[in-house]
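What follows is a single structure, written as structure tokens, with notes after it.
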Amino acid sequence: KTKDKPYFKAKANEKHYERVQTYKNFILDARYYLGIKQYEDADSCLAVFEELLNSYEKDIRLADKSEAGWTLVDRLRDDPTDKNLVQLENQILNERRDRRRPSRRNESSDNLQLSQ
């Protein structure tokens, strides 16, 4: 029985949903192996599943601890060679600040309109 993938307003929620769906596949595989009495394969499948859950817990703790949140976790997953957390977190926070600031050109045109 397959379910249609739900619509998510936030991209982050969609990513977490997809991650959980991947984890569910490990459970299905383990059940299959148990059903055909391939216990070593079931155990291997569950061991990988446990590693993935441990990794997910680590990601949750990092996202919760950092002001950059899940963006930091995503960047680390995209480029695991970038291990300087403080520097990467500061870069993300600076990018966010830059996006919130109006550009100089917009500021000067706003000031010009106000003075007229």
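The values are calculated or read from the model by the stated rules, or taken from the named source; none is laboratory data. A quick note: this is a predicted structure, and the numbers were derived from the prediction, not measured. Cβ coordinates were reconstructed from backbone atoms using ideal geometry, including for glycine residues, and neighbour counts include every protein chain displayed. Side chains included, ligands, DNA and RNA excluded: accessible areas come from the protein's heavy atoms. Shrake-Rupley method; radii C 1.70, N 1.55, O 1.52, S 1.80 Å.
Annotations for the structure displayed:
- The combined condition, being modelled with pLDDT under 90 and either open to solvent by 90 Å² or more (accessible area, probe 1.4 Å) or touching a Leu at 6+ places or on another chain (Cβ under 9 Å) (or both), is fulfilled by residue 4.
- When residues of region 28-82 are limited to those that are among the hydroxyl-bearing types (Ser, Thr, Tyr) and under 30 Å from residue 95 (Cα atoms), the one most open to solvent (accessible area, probe 1.4 Å): 81
- Annotation note: Cβ proximity below 6 Å between a residue of region 37-66 that is assigned to a loop (DSSP other than H, G, I, E, B) and a residue that is open to solvent by 70 Å² or more (accessible area, probe 1.4 Å) (sequence gap 6+ or interchain) occurs for no pair.
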